[in-house]
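As structure tokens, the structure follows; a few thoughts come after it.
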Amino acid sequence: MNFNPELGGAQADATGAAAASTNAGGPVVLSICIATFRRAAFIAQTLDSIVAQLRPDVELLVLDGASPDETPRIMEAYVQRHPNVVYRREPANSGFDADFDKVVGYARGEFCWLMTDDDLLAPGAVARVLAELRADRDLVIVNAEVRNQDFSVRLQERMLPAERDSEWAPRESERFFALSCQYLSFIGAVIIRRSLWLARERGAYYTSMFIHMGVIFQKPLDRTAHVIAEPLIVIRYGNAQWSARSFEIWMSLWPRLIWSFEQFSEEARRRITLRHPAESLKRLLWFRAIGAFGTREYEQLLRSAPSPRARRMARLVLGIPDGLANTAVALYCLPSFDRFVRLKLFELVRAPGSTALTRAIGVLRGVPRG
């Protein structure tokens, strides 16, 4: 696949110099691939966590989907200081999935780490991953811890509840799917063999928001997958650009993707998500409680709701004041032993309809406001 990014002025010259310097070295084992858009306020902190870990066989490649902010100026400084940093600016934004596909296409590494543009790599993360890439694998998954937006409070020690590394053969693909799929909605966890990525169907997943999931699970891998139990990424929680679309993503795009993997049993897919989550009163109430289900989402749901029952429940939940829904769900979470309860309370505390009682419950469970 050929791409012709439009670069201008100092950015074009700096990027060309960086690419030439990187090409002058030996083979690249790992490309850390970031697709970014309008994240100038966060990307420098991400880059700082990575550049100190670069070595001659590792490149950091940033594809900018035509950000209308200070991203080019910030990237110019990193390109000038670090010979293994490559910056490519697209003439237009192609969307989340297409831009990640493009950045893998630009990469030179045998493996690509699909890194996010606002989270952090833990110290030693690159060396740890490189050690695992020596084996004959197609995929390495790294664990992550979760913190609030300024990283001051840890909300979740490990997103994957794994204490030991694990190896998954291609014949175990359904079990691997069932156990890892929810976590793998986070693209930053994925290090994938570039040749496998390029050999698989990708265009069909360009509007899914989860192109990496489509690539990984459309059919069994050729080689094993390895899961690193140690958290190597620090997630900046509550900062996703798609937050405004969360209802559409988790109630429509995500279940459509998961249920498209027909090679897996219905039981395995149901463990990930209901086929029609709009028919779940609990799911609707959750999105009402965090301020993600209002009139706009209701109208979207009416256009696609699979049953009269779903439409009736949606009308019922829309009639509940968001503050009442917020408080009710927070009270439900208060005694919960769910391992993700602090993340749920974090969402509730930050919601537009958050109440004093919800915030008090958050304090009881050690959850900050921001």
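The values are calculated or read from the model by the stated rules, or taken from the named source; none is laboratory data. As the structure is a prediction and not an experimental result, all values here were calculated from the model. No Cβ is skipped: glycine too gets one built from the backbone with ideal geometry, and neighbour counts run over all protein chains shown.
So which residues in segment 336-355 are at pLDDT below 95 and hydroxyl-bearing (S, T, Y)? The answer is S336, and nothing else.
Annotation: E172 fulfils all but one of (1) assigned to a helix (DSSP H, G or I); (2) of a type outside the set (A, V, I, L, M); (3) surrounded by 20 or more Cβ atoms within 10 Å (Cβ to Cβ); the unmet one is (3). Picking from residues in segment 331-355 that are among the small types (G, A, S) and either closer than 15 Å to L284 by Cβ or touching a residue at least 40 places away in the same chain (Cβ under 8 Å) (or both), the one that is surrounded by the most Cβ atoms within 10 Å (Cβ to Cβ) is A351. The set of residues in segment 270-299 being under 22 Å from L345 (Cα atoms), of a type in the set (A, V, I, L, M) and surrounded by fewer than 18 Cβ atoms within 10 Å (Cβ to Cβ) consists of L281 alone. The helices (runs of 4 or more DSSP H) located wholly in segment 241-299 that include 3 or more residues which are of a type in the set (A, V, I, L, M, F, W, C), modelled with pLDDT of 95 or more and more than 23 Å from F176 (Cβ to Cβ) occupy 281-289. For segment 98-121, state whether one or more residues are more than 19 Å from I191 (Cα to Cα) and assigned to a loop (DSSP other than H, G, I, E, B). Looking through segment 98-121, none of the residues is more than 19 Å from I191 (Cα to Cα) and assigned to a loop (DSSP other than H, G, I, E, B). Per this entry, T71 is not counted among residues that are surrounded by 20 or more Cβ atoms within 10 Å (Cβ to Cβ), under 19 Å from R194 (Cβ atoms), hydroxyl-bearing (S, T, Y) and in the same structural domain as M209 (by TED's automatic domain parsing). Screening E167 on (1) in a strand (DSSP E or B); (2) closer than 22 Å to S208 by Cβ; (3) over 15 Å from the mean Cα position of the chain (by Cα) shows it passes everything except condition (2). Note on segment 161-191: residues that are within 23 Å of W254 (Cα to Cα) and either touching a strand residue (DSSP E or B) at 6+ places or on another chain (Cβ under 8 Å) or among the aromatic types (F, W, Y) (or both) total 12.
Taken together, the residues in segment 208-229 that are out of contact with any Lys or Arg (no Cβ under 7 Å at 6 or more places or on another chain) and either part of a loop (DSSP other than H, G, I, E, B) or surrounded by fewer than 18 Cβ atoms within 10 Å (Cβ to Cβ) (or both) amount to 7.
Looking across segment 180-196 at every residue that is part of a helix (DSSP H, G or I) and more than 17 Å from the chain's Cα centre (by Cα), the one that is nearest to M115 (Cα to Cα) is identified as R194. A single entry from S208, S173, S252 fulfils the requirement of being hydroxyl-bearing (S, T, Y) and outside the structural domain of V142 (by TED's automatic domain parsing): S252.
No other residue among G323, G319 is at pLDDT 95 or above, of a type in the set (G, A, S), in the same structural domain as E347 (by TED's automatic domain parsing) and in contact with a Ser or Thr (Cβ under 7 Å, 6 or more places away or on another chain) apart from G323. The residues of segment 83-95 that are farther than 9 Å from L60 by Cα and either of a type in the set (S, T, Y) or surrounded by 18 or more Cβ atoms within 10 Å (Cβ to Cβ) (or both), listed by number, are P83, R88, R89, E90, S94. In this entry, A162 is excluded by the filter for residues that are touching a residue at least 12 places away in the same chain (Cβ under 8 Å) and either surrounded by fewer than 16 Cβ atoms within 10 Å (Cβ to Cβ) or in contact with a Lys or Arg (Cβ under 7 Å, 6 or more places away or on another chain) (or both).
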